[in-house]
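The structure appears below as structure tokens.
The values are calculated or read from the model by the stated rules, or taken from the named source; none is laboratory data. None of the values given here were measured: they were computed from a predicted structure. Here Cβ is always computed from backbone atoms with ideal geometry, including for glycine, and neighbour counts include all displayed protein chains.
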Amino acid sequence: MPVSAHDVARSLRERLPDAGQKKLHKLLHYCQAWHVVHYGTPMFDETIRAYQHGPVVSTLWADEKYGRPLPVPLHLTGTHLDIISYVLDRYGHMSGWELEQLSHGERPWVSAYANAAWDDEITIESIRAFYSEDRDYQSSRRPVRRIVSLESYEPDALVFEQLAALANGERILDLPS
């Protein structure tokens, strides 16, 4: 179930309190991208737009700039937190400027920005198509990790299995016992 980009931003800020707006919005873009690739669905419902300095979650940006009321916070699941950890491991060391340059070389932003006269939305379809082809991602893909029953794991062991699966590009399937 998607959460709000505000919820994801809150988690990113807790982990990287010094991240500026530019870095935050690029990390949100990558959270959305990798959630779509790993789980097939968007992490949040808000639209990502191709602005001059890269991908931006425009409603989050406007809500914060103009002091609009924020949505009621939703609880992030283990899946959401796994993706946030993955994104921070992969991109968290980069500056906002470096992330801007990276996104400017990627097809989803380039295509949307080139078509900005018509629509500057970075679509889920363009995200899925581009990031599914990522060489680092493809080289790390492993078969699906099948677990007989998620209920058979202690919570700490299950978190370990989820993180290990995500790090290896695997998906966990809960098979009925």
_Looking at 88, 76, 70, 102, can you tell me which residue is out of contact with any strand residue (DSSP E or B) (no Cβ under 8 Å at 6 or more places or on another chain), within 13 Å of residue 6 (Cα to Cα) and not β-branched (Val, Ile, Thr)?_
70
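From the list 99, 70, 88, which one is assigned by TED's automatic domain parsing to the domain that holds residue 22, modelled with pLDDT of 95 or more and in contact with a His (Cβ under 9 Å, 6 or more places away or on another chain)?
Working: 70 fails: modelled with pLDDT of 95 or more; 88 fails: in contact with a His (Cβ under 9 Å, 6 or more places away or on another chain).
99 is the lone residue from the list that is assigned by TED's automatic domain parsing to the domain that holds residue 22, modelled with pLDDT of 95 or more and in contact with a His (Cβ under 9 Å, 6 or more places away or on another chain).
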*Would you tally the residues in the range 78-110 being free of Cβ contacts under 8 Å to residues at least 40 places away in the same chain and either buried (at least 18 other Cβ atoms within 10 Å of the Cβ) or hydroxyl-bearing (Ser, Thr, Tyr) (or both)?*
1
*In the range 8-35, what residues are touching a residue at least 40 places away in the same chain (Cβ under 8 Å), surrounded by fewer than 17 Cβ atoms within 10 Å (Cβ to Cβ) and either assigned to a helix (DSSP H, G or I) or in contact with a Ser or Thr (Cβ under 6 Å, 6 or more places away or on another chain) (or both)?*
10, 15, 21
*asked:* Can you pull out every residue in the range 77-108 that is farther than 16 Å from residue 24 by Cβ and among the hydrophobic types (A, V, I, L, M, F, W, C)?
replied: 81
*Which is more than 13 Å from residue 124 (Cβ to Cβ) and more than 11 Å from the chain's Cα centre (by Cα), of 55, 69?*
69
*Give the residue that is surrounded by the most Cβ atoms within 10 Å (Cβ to Cβ), with candidates limited to residues of the range 36-47 that are more than 13 Å from residue 81 (Cβ to Cβ) and either outside the structural domain of residue 88 (by TED's automatic domain parsing) or hydrophobic (A, V, I, L, M, F, W, C) (or both).*
44
*Identify the single condition in (1) in a loop (DSSP other than H, G, I, E, B); (2) over 14 Å from residue 12 (Cβ atoms); (3) at pLDDT 90 or above that residue 79 does not satisfy, given that it satisfies every other one.*
(1)
